[in-house]
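None of the figures in this text is laboratory data; all of them are computed from the coordinates on show. Note that the coordinates shown come from a computational prediction; the quantities given were computed from them, not determined experimentally. For neighbour counting, all protein chains shown are included, and Cβ atoms are generated from backbone atoms with ideal geometry for every residue, glycine included.
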Amino acid sequence: MRTLAPDLDIRIPYATDPAGNRLPDPELHPDSTLTAWPDNRIAEDAHYVYHYDEYGRLTEKTDRIPTGVIRTDDERTHYYHYDSQHRLVFHTRIQHGEPLVESRYLYDPLGRRMAKRVWRRERDLTGWMSLSRKPEETWYGWDGDRLTTVQTDTTRIQTVYQPGSFAPLIRIETDNGEREKAQCRSLAEKIQQEGSEDGHGVVFPAELVGLLDRLEGEIRANCVSSESRQWLAQCGLTVERLAAQIEPVYLPERKIHLYHCDHRGLPLALISEDGNTAWSAEYDEWGNQLNEENPHHLHQPYRLPGLQYDKESGLYYNRNRYYDPLQGRYITQDPIGLEGGWSLYAYPLNPVNGIDPLGLSPADVALMRKKEQLNHQRAWDILSDTYDDMKRLNLGGTDQFFHCMAFCRVSKLNDAGVSRSAKGLGYEKEIRDYGLNMFGMYGRKVKLSHSEMIEDNKKDLAVNEHGLTCPLTQDCSNRCIDYINPEHKKTIKALQDAGYLK
């Protein structure tokens, strides 16, 4: 490995056995005769001594102290425990017989980590040092195989990724206090609580609650179906009267940062809304953090694509197993066996150009980028063609209809990669629209307030999702027709002539 900079030229030697396992550093251990690790299990390196169980899982890692050296801050041992599916469920770090930290990990039915609890050593009221009684809890939310939400008892951090990739794009942090302010009653809840004269409330059947929830969603999206209008008319109600009962949505204050990543998707910096660098870090090629500038104490767990840093263990969670950046390899064997490569523990042996976002098999960054570009182009062609038709026809009140149709047409390709790219393009358009509005250049050139623009963005994204989730058996014109006012006969005729409606 060679590192180049204007004033720096360093060669970093790495030696591996035929299976790709790291051998002793040839410069630090010139007399070493080791040429291969038995069973692909590294027994020791310059930092630790390792032990494995009969399944090849790392169970113990102890600080290696050279003979004759006395250190009081080391002699630490990590212990790892697994469930029947070879998932890490318990970790503890011991020093001089006393636990420094314990952590437990929980997984959902799909095998994704959904929570962790960490107990740290602290001084209790009597002055004794012991593990905390109350653990630090962290909960995780996922979009497929990508981690999108990290929730603690103080904050929620949400991540938007670049379309079709594991490279983070936007970081959104919300304090729990702000989130509590944003909680409001649904239309069904409000009517049930206020619907009786004695003040005790009423209880609606589940079918009616579901109907009201659907109706509320349509009203908020400004897309009330003809079926809902007929039901309201039968009840002697109007859309306007019911809309007045809906509680307004409070938009919580959020801290938004943009990610700056390298060619692999490794975050190098977080850029604040005012253009300043709020966080930055440097890494070696295997993902070890070498330096960090974090004046605002931001929690930034993302490392190499698909990997999240756990402070308590020093490991990186990688969806299907855990990665040790010090060794540049995984602590358990590949769940898919030799299908993932000839080395069951290896991270890509060329980590500058290779990534493994799922912890299963390596992928070449250049090939992934090419596939992403193809998906992006296919999605772009469909969305831009539909947008051009909307501008050409110039029909008032059809913006959301064309949004729905564009994304519905993408769904008919039945390609998850193209759908992800289209979804990302939809997000990018809303970000662009928000920026245009700041300069009074959006829509009718009338500048909207922050809350009005956010609501407009949310409605567009909801329409995009409605079109993108169209069942393969449903026609796009039927999926999106509710976004057209049925009384606008000329508009419907023009859309029929253009082939958008039947």
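Relative to the first principal axis of the alpha-carbon coordinates of the chain, what is the inclination of helix 450-468, with its axis defined by its Cα atoms, in degrees from 0 to 90 and to the nearest 10?
90 degrees
Which pairs, out of Lys311/Lys371; Lys116/Lys181; Lys181/Lys447; Lys255/Lys447; Lys311/Lys459; Lys116/Lys190, put more than 28 Å between their alpha-carbon atoms?
Lys311/Lys371; Lys311/Lys459; Lys116/Lys190
Once you list every other residue whose beta carbon is under 12 Å from the beta carbon of Thr332, what net charge do they have if Lys and Arg are +1 and Asp and Glu are -1?
+1
Work out, step by step, the length gained on full extension between Asp385 and Glu292: first 0.36 nm times the residue separation, then minus their alpha carbon distance; give nm to one decimal.
Roughly 29.0 nm would be gained on extension.
As I understand it, the dipole of the chain uses +1 on the Cβ of Lys and Arg and -1 on the Cβ of Asp and Glu, about the Cα centre. Which of Tyr80, Gly337, Ile454 lies farthest toward its positive end?
The Cα lying farthest towards the positive end belongs to Ile454.
R0 = 35 Å: FRET efficiency of Asp497 with Arg254, Cβ-based, nearest 0.05?
E(calc), rounded to 0.05, equals 0.20.
With +1 on each Lys and Arg Cβ and -1 on each Asp and Glu Cβ, how big is the dipole of segment 41-178 about its Cα centre, in debye rounded to the nearest 20?
I would put it at about 100 debye.
About its Cα centre, how strong a charge dipole does segment 366-497 have in debye, to the nearest 20, once Lys and Arg get +1 and Asp and Glu get -1 at the Cβ?
260 debye
At 222 nm, what helix-only mean residue ellipticity would the chain give, in deg cm²/dmol to the nearest 500, using -39500 (n - 2.57) for each DSSP H run of four or more?
One gets -9000 deg cm²/dmol as the mean residue ellipticity at 222 nm.
Can you give me the distance in nm between label points at Asp25 and Trp128, each placed 7 Å from the Cα along the Cα-to-Cβ direction?
Here the answer is 4.2 nm between the modelled labels.
Specify which labelled value, from (i) 89, 58, 44; (ii) 66, 61, 48; (iii) 66, 57, 51, agrees with Cα extents along the principal axes in Å derived from the coordinates of the model shown.
Given (i) 89, 58, 44; (ii) 66, 61, 48; (iii) 66, 57, 51, the calculated one carries the label (i).
How far is helix 365-393 tilted, in degrees, relative to the longest principal axis of the Cα atoms in the chain, given as a value from 0 to 90 rounded to the nearest 10?
Roughly 10 degrees, rounded to the nearest 10.
Just report the Cα centroid separation between segment 110-155 and segment 325-403, whole Å.
Going from one Cα centre to the other spans 30 Å.
Only loop residues by DSSP count here, and only those with at most 15 other Cβ atoms within 10 Å; note down the trypsin sites (Lys or Arg not before Pro) in segment 304-365 that meet that.
In loop regions of segment 304-365 (DSSP not H, G, I, E or B), the sparsely surrounded trypsin sites (Lys or Arg not before Pro) are Lys311.
What number, in nm² with one decimal, is the all-direction average of the projected area of the convex hull of the alpha-carbon atoms of segment 366-497?
9.0 nm²
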